[in-house]
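First up is the structure itself, then whatever we jot down about it.
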Amino acid sequence: SLDAGPGGGSVTTRPFTFTGRKLVINADATGGQVLVEVLDRRGEPIAGFGKSDCDRVTGDALRHPVSWQGNSELGLLEGATIKLRFHLLRAGLYSFSFPT
């Protein structure tokens with residue numbers, strides 16, 4: 001896993017062409033949190049999908065749904081080149097996927 005302690009940390013994916021509808025993460029954020037930003041190809045947050053828009057992911061689960069202001073739908077980004085930036089605080093990130 002990618003782990004961050006009390007000082008926090010972040011990791012950004014390489015650019016990829018998005019296909020899917022939602023983002024689901026396998027993470028252990030017991031006593032911490034994970035926030036996710038969706039970035040454009042230049043690395044700028046896409047409006048509505050920034051760190052401050054992301055609903056905190058907490059607890060330990062294989063399939064945490066990620067949402068931004070209560071919205072988990074990412075279908076409007078279909079075909080776009082994006083990056084994801086994961087912000088972890090006292091958390092471990094194991095994987096992410098885009099179920100349809």
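None of the figures in this text is laboratory data; all of them are computed from the coordinates on show. Model, not experiment: these values are computed from the prediction. Note that each Cβ is placed from the backbone with ideal geometry, even for glycine, and that neighbours are counted across all protein chains shown.
Assorted remarks:
- Simple point charges give the picture: +1 on the Cβ of Lys and Arg, -1 on the Cβ of Asp and Glu, and for the chain a dipole about the Cα centre of about 180 debye.
- Evaluated with a Cβ-only charge set (Lys, Arg +1; Asp, Glu -1), the stretch 29-79 carries a dipole of roughly 120 debye about its Cα centre, given to the nearest 20.
- Simple label model, 7 Å out from Cα along Cβ direction - Ser1 to Asp60, nm: 0.7 nm
- Net charge, Phe18 excluded, C-beta distance under 13 Å - Lys, Arg +1, Asp, Glu -1: +2
- Segments 82-94, 17-29, 60-72 sorted - mean Cβ within 10 Å per residue, highest first: 82-94, 17-29, 60-72
- Relative contact order of the chain, pairs being alpha-carbon contacts under 8 Å that are 6 or more residues apart, as %: 51 percent
- Whole-angstrom gap from the stretch 83-98 to the stretch 1-76, using each part's C-alpha centre: 6 Å
- Every Cα-Cα pair of the chain was included, and the share exceeding 23 Å stands at 17 percent.
- Distance (nanometres) between label positions extended 7 Å along Cα→Cβ at Lys22 and Asn71: 1.6 nm
- Rg(Cα)/(2.2 N^0.38 Å) for the stretch 1-41, N = residue count: 1.36
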